[in-house]
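The values are calculated or read from the model by the stated rules, or taken from the named source; none is laboratory data. Here the structure is a predicted model, which means the values were calculated and not measured. Glycine gets a Cβ as well: all are built from the backbone with ideal geometry, and neighbour counts include every protein chain shown.
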Amino acid sequence: MADRTAAVSGQHPFALILGCVDSRVAPELIFDQGIGDLMTVRSGGEVLDEAVLGSIAFGVIELGIPLVMVLGHQSCGAVSAAVRADETGEELPAHIGYLAERIRPAIDRERTGPARVDATITANVRHVRALLAGEPELAARVDAGRLAIVGARYELGSQVVHRVR
Ligand SMILES: [Zn+2]
């Protein structure tokens, strides 16, 4: 409650987590953080679009957050759907196809089955991290030593988060 009262006067989150919408992967719970500690931006498969980029830019440029983490996770349904659609040509319903299109460049082409999905989850984290690192305003902050953009993966089974380099 004290945290919530203190947070009324402003926010100073120390990190921004770009993660998936999956209900099992809530960043505040995974990292045991409270109100005001993390800014979280979430989209299926942590894909980027203008709203996600604008939200990240708000956190980094307006609030001066020094750390952005792209957080993928084991058994990601969005990545699984993207791989399945790529393999079968299946048309995904409504706007889910938009997510799949953004994940497609990261699809692993060497493995098959569950191993392909798992490798794609990691490749997608690298892909999204690289796209963020290529954004001019973010890149300038990285160059100036004011921002780090890192990738990571959360394993549902072990509940461990590890870096993806
Ligand atoms: Zn997911």
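Residue 38 passes every criterion in (1) more than 16 Å from the ligand (Cβ to nearest atom); (2) closer than 21 Å to residue 155 by Cα; (3) free of Cβ contacts under 8 Å to residues at least 12 places away in the same chain apart from (3).
Just so you know, in segment 10-35 the residues that are more than 13 Å from the ligand (Cβ to nearest atom) and without any contact (Cβ under 8 Å) to a residue 40 or more places away in the chain include one that is farthest from residue 154 (Cα to Cα), and it is 10. Note on segment 125-165: residues that are more than 16 Å from residue 59 (Cα to Cα) and assigned to a loop (DSSP other than H, G, I, E, B) total 8. Among the basic types (Lys, Arg), loosely packed, with under 14 Cβ neighbours inside 10 Å and modelled with pLDDT of 95 or more: is that true of residue 102 in this structure? No, not satisfied. Residues in segment 53-80 that are away from the ligand (no atom under 14 Å from the Cβ) and either part of a helix (DSSP H, G or I) or under 15 Å from residue 102 (Cβ atoms) (or both): 53, 54, 55, 56, 57, 58, 59, 60, 61, 62.
Scan segment 1-33 for residues that are over 21 Å from residue 138 (Cβ atoms) and at pLDDT 95 or above and the total you get is 12.
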